[in-house]
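For reference, the structure discussed in these notes is given below.
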Amino acid sequence: MTEQQTQNPDPKPRIKTLKPLLGFLKPYKGKVVIATVALLITAGLMLSLGQGMRLLVDQGFSTGSPEMLDRSIFIFLGIVVCLSIGTFIRFFYVSWIGERISNDIRISVFNHLLQLHPSFFETNDGAEIQSRITSDTTLLQTVIGSSFSIAIRNIIMFFGGITLLLITNPKLTGIVLATMPLILVPVLFFGRRVRKLARSSQDKIADIGVYVAETLTNIKTVHAFNHQSIDEDNFLQVTQNAFRVAVYRIRQRAWLMALVMMLIFGAIGFMFWVGGHDVLAGRITGGQLVAFVFYAMMVAASLGAISEVYGDLQRAAGATERLLELLATESLLIEPDESAPILDEKASSIHIEQLSFNYPSRPNTKAIEKLELKIEKGAQLAIVGPSGAGKSTLFDLILRFYDPQKGAIRINGVDIKEMKLQQLRERIAVVPQQPSLFSTNAWDNIRYGKPDATDEEVIAAAKAAYAHDFLKALPNGYNSFLGQGGIRLSGGQRQRLAIARAILKDPQILLLDEATSALDAESEHMVQKALEHLMENRTTLIIAHRLATVVHAESIAVLDEGKLIEIGQHQELLQTCPLYARLAALQFREPDAIVEGREDRVEQVEAS
Ligand code: ATP
């Protein structure tokens, strides 16, 4: 299945596509059987209710005997009690199955997504995937937990009702069947229209929500640009649109209600009129007529219900198709069956051999080209280069978020493709430029890479990352909620937390993306000290955006347009590498060194 297909689901899915859901029903066979039996029994009892009514009228009222009336009422109530118990069991189990299965599908889709290659999320819209997990599964829950059972129940009642109608009075049945389309067609027509309008009414209400949210989140801009009166006019327009659609829907609904009233009661009156003559002529009993009207209404109602849930079933088929597509998408990162035998030491060597890579969405542009780098155990290599040189891409390739088209990356001599992803990533820790914190407390954020760490280990890591003091000072210490994405911390504090997380993970390889870029002098000093702790005896790659941080580095690799230009130490590179010299001149404010005609590069460097 291609990713492209994933985005274009079949607009007219067939009910058949619901079949794979049976697989999800399997573990709950017992409950499915109970629900089915209850469903069959309640449908049967519902049908027998008509006979109960017939008994009530014929034996209860017509015979004039109070004993017969008592007996008939007793039978009638018996049926009603059984029907109620059956309905309870049916409703409970069918709804339970609906909830359980939609949850199971949610879980398997989410778990599957977590295992997919990261580039899947570049070509597939995150919001769309999110809606598949939430709305599509909710739709399935409605269908499995109600529509499906409504459909089956009504199919049984439709055929059962018709059979009983024929048995009760074939002549009247003929009339009913002939007139039924006259009632159903207009009702279904208006019904469908009202439903469609209800949906577009909801869309218009959603527009109102979007407008309010956007305006309020940008309220300062609105005020600063004196945009209030324009927003008032726009909002009036948006609400007027919603109102217009609502009025149209209300009018159609009013028509529908009046029509239903007239047709249904007209039809009942007609049946009583025709049937009444039969009763008077003694061809049928009063009870038979009551039962007949009851069945006729049941048949009409079940037909209406079937046509109503048919749309739901079709939408559910579409939802199932989309969810199954997600489940069928395979990760492009193929893992070996077994973990590779690899040395487990405190540090690892990284050998990058003739590495070439282009992003799948840009087949003609190489992000990394024939890159050759050797970083020995415990060594530190700084990577510098203008914006877009491929520095972050190199980190992504080392973490195997993507597979290179050519070449290999070896850790302790083993190609990372021969390692399990878990095995590879457990020996690496990343401190990104913008650390990703999660909306929870400091404990969970630091423990992210080592969930079983003890409190003492977490505190020791925080101390080593110079994060302990500020965490302790938070209102609830380490238990304080850090806000969405750690918004309640400063940039420097977030970075120190990310460093604490890396220290706790105790990795063999460290990938640092200029962890000190957003800091003032004092926090930079703290973070630098934290990093020194972290880098001790570990193989480290540091992307340095500011050369001040690499002046004393053991080794610096200069990258440009995905290629390695030069490797050496600061002083050497100033002599041998014009690009490095230019970057240095720019950053250390020596304007003479800006070579004429290279302003474009200058802009890129600044952007970086
Ligand atoms: P910076 O210093 O600005 O972070 P960088 O050296 O880290 O830059 P990369 O992010 O590795 O540069 O990007 C290398 C090239 O790959 C750039 O041309 C960039 O536009 C492209 N690129 C990066 N990410 C993607 C992606 N997900 N899909 C397609 N192209 C990408």
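Below are the figures for this structure:
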quantity	calculated
Estimated FRET transfer efficiency when R0 is 56 angstrom, pair residue 353-residue 444 (beta carbons, to 0.05)	0.90
Cα pair distances in the chain, grouped into 10 Å bins until the bin that holds the longest one, percent each	3, 11, 15, 17, 15, 12, 9, 7, 5, 3, 1, 0
Estimated D of region 198-271 in µm² per second, where Rh is the Kirkwood radius over Cα pairs and Stokes-Einstein applies at 20 °C, 1.002 mPa s	142 µm²/s
Listed residue pairs exceeding 20 Å between alpha carbons, taken from 374/450; 391/529; 366/406; 450/529	374/450; 391/529; 450/529
Exposed chymotrypsin sites (Phe, Trp or Tyr not before Pro) absent - longest run of the chain, DSSP non-H/G/I/E/B, at most 13 other C-beta within 10 Å	1-224
Reachable aspartates and glutamates, given that their alpha-carbon falls under 19 Å from the alpha-carbon of residue 31 and they are not under 8 places away in the same chain	99, 104
Charge dipole (the chain, unit charges on Cβ, about Cα centre) - positive-most of 306, 120, 413	306
For region 350-477, with +1 on Lys and Arg beta carbons and -1 on Asp and Glu, the positive-most of 375, 458, 423 along the dipole	375
Length released on extending from residue 379 to residue 339, taking residue separation times 0.36 nm less the Cα-Cα span	11.9 nm
Segment residue 87-residue 215, length gained on full extension (0.36 nm per residue, minus Cα span)	41.2 nm
Heavy-atom accessible area per residue - region 265-343, 1.4 Å, Å²	48 Å²
Dipole moment magnitude, nearest 20 debye, the chain about Cα centre, only Lys, Arg, Asp, Glu C-beta charged	3220 debye
R0 of 60 Å, Cβ-Cβ distance residue 362-residue 77: FRET efficiency to nearest 0.05	0.20
Dipole magnitude of region 266-362, debye to nearest 20 (Cβ charges: Lys/Arg +1, Asp/Glu -1, about Cα centre)	940 debye
Quotient of Cα Rg and 2.2 N^0.38 Å for region 102-166, N being how many residues it contains	1.78
Value of [θ]222 nm, deg cm²/dmol, for the chain, DSSP H segments ≥ 4, -39500 (n - 2.57) each, nearest 500	-20000 deg cm²/dmol
Separation in nanometres of the label points that stand 7 Å from Cα toward Cβ, at residue 262 and residue 415	7.8 nm
Computed magnitude of the charge dipole of region 363-467 (debye, nearest 20; Cβ of K, R +1, Cβ of D, E -1)	420 debye
Carbon + sulfur, % of accessible area of the chain - ligands and nucleic acids excluded, 1.4 Å	60 percent
Separation in nanometres of the label points that stand 7 Å from Cα toward Cβ, at residue 521 and residue 70	10.4 nm
Taking only Cα atoms of region 304-380, radius of gyration then Dmax in Å	24.4, 75
Listed residue (286, 481, 392) projecting farthest to the positive dipole end of the chain, Cβ model	286
Reach of residue 16 by Cα under 22 Å, taken over lysines that are not fewer than 8 positions away in the same chain	26, 29
Share of pairwise Cα separations in region 494-586, more than 20 Å, in percent	40 percent
Euclidean distance of C-alpha centroids, region 469-519 and region 115-174, integer Å	48 Å
Percent of C-alpha pairs per 10 Å bin, region 239-336, short to long	12, 20, 21, 18, 13, 9, 4, 2, 0
Fraction of antiparallel bridges per DSSP, the chain only, in percent to nearest 5	50 percent
Set 377/417; 377/463; 19/204; 377/505 screened for pairs whose C-alpha atoms are more than 23 Å apart	377/463; 19/204
Gain in span if fully extended, residue 403 to residue 37, counting 0.36 nm per residue against the direct Cα distance	126.4 nm
Shape box of region 517-568 [Cα atoms, principal axes, largest first, Å]	34, 26, 17
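The values are calculated or read from the model by the stated rules, or taken from the named source; none is laboratory data. Predicted, not measured: the structure shown is a model, and the values here were computed from it. When we count neighbours, we look across all protein chains shown, and the Cβ atoms used for this are built from the backbone with ideal geometry, even at glycine. Protein only, heavy atoms only, side chains kept; ligands, DNA and RNA dropped before computing areas. Shrake-Rupley method; radii C 1.70, N 1.55, O 1.52, S 1.80 Å.
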